[in-house]
Ligand SMILES: Cc1cc2nc3c(=O)[nH]c(=O)nc-3n(C[C@H](O)[C@H](O)[C@H](O)COP(=O)(O)O)c2cc1C
């Protein structure tokens with residue numbers, strides 16, 4: 001996933017009739033990702049923690065799908081998300097333990113970002129302590145598997 005830079009963002013905000021061929025291609029790439037999302041009723045994100053945050057590839061993806069006038073719009077009452085009627089599941093994995101603590105900035109960030117696009121129905125499943133010894137890892141994965149198992153009827 002390419003990172004957002006001035007060239008890409010410039011393409012996103014250029015008037016369609018004034019875009020260069022290069023800008024058309026950059027917008028088409030973003031449009032493809034957005035169309036994939038629009039067609040989905042259910043969205044699943046894998047979310048490992050990398051250095052206390054989300055992987056930069058996920059951030060780059062988010063930067064491609066946040067498009068004013070396409071996936072959200074500005075109003076006098078603030079921004080309104082346009083990707084409504086969807087359910088998202090986020091499977092978060094960490095080497096350490098963060099769930100429910102102020103250091104879990106990933107959960108707040110991902111929840112806020114998805115809500116910004118109109119995806120407010122988001123459920124997180126955590127597998128934590130994966131780098132805290134084999135016993136902790138096994139127990140955490142078993143707990144996560146059970147949570148996933150319980151989600152299956154909801155997904156189906
Ligand atoms: C580059 C890198 C940075 C990581 N940083 C953290 C971190 O800040 N906190 C944490 O709990 N785990 C951290 N981990 C552990 C990952 O969260 C853990 O390996 C991952 O969630 C499990 O997915 P995997 O099977 O793809 O490794 C890091 C792992 C890598 C590779």
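Bear in mind that the values in this text are calculations on the coordinates, not laboratory data. Bear in mind that the values here come from a model prediction, so they are computed numbers and not experimental data. FYI the Cβ positions are ideal-geometry reconstructions off the backbone, even for glycines, and counts take in every protein chain you see.
Among beta bridges from DSSP that stay inside the range 69-156, the antiparallel ones total about 35%.
Separation of the range 118-143 from the range 6-39 is 36 Å, based on Cα centroids. Look at the Cα gyration tensor of the range 27-104: its axes a ≥ b ≥ c give a/c of at least 1.5 with a/b over b/c, and that counts as prolate. Rg then Dmax, both in Å and based on the Cα atoms of the range 41-155: 15.6, 53. Classification of the range 12-55 by its C-alpha gyration tensor yields an oblate form. The axis ratio a/c (a ≥ b ≥ c) is 1.5 or more, and b/c is at least a/b. Of the residues 89, 29, the one with the fewest other Cβ atoms within 10 Å heads the list, and the complete ranking is 29, 89. In terms of its C-alpha gyration tensor, the range 104-150 comes out oblate, because a/c is 1.5 or above while a/b does not outweigh b/c.
Compared with the dominant Cα axis of the chain, that is its longest principal axis, helix 56-65 is turned about 40°. Please determine, in degrees from 0 to 90 and to the nearest 10, the orientation of helix 21-39 with respect to the longest principal axis defined by the Cα atoms of the chain, where the helix direction is its Cα long axis. Roughly 50 degrees, rounded to the nearest 10. Can you compute the label reach from residue 59? Point 7 Å from Cα along the Cβ direction, backbone N cut-off under 17 Å, restricted to the range 80-122. Once the point is set 7 Å along Cα→Cβ of residue 59, 104-114 turn out to lie under 17 Å by backbone N, inside the range 80-122. Using C-alpha pairs below 8 Å separated by at least 6 residues, the relative contact order for the chain is 21 percent. Distance between the 7 Å Cα→Cβ label points at residue 33 and residue 135: 4.3 nm.
Only residues of the range 54-68 count here: report those whose backbone N is under 20 Å from the spot 7 Å along Cα→Cβ of residue 19, or say none. Within reach of a label on residue 19: 60-68. Under the simplified labelling scheme, the residue 68-residue 121 pair shows an inter-label distance of 3.0 nm, with each label point 7 Å from Cα along Cα→Cβ.
Quick check: the angle from helix 105-116's long axis to the longest principal axis of the chain, C-alpha only, nearest 10 degrees? Value to nearest ten degrees: 40.
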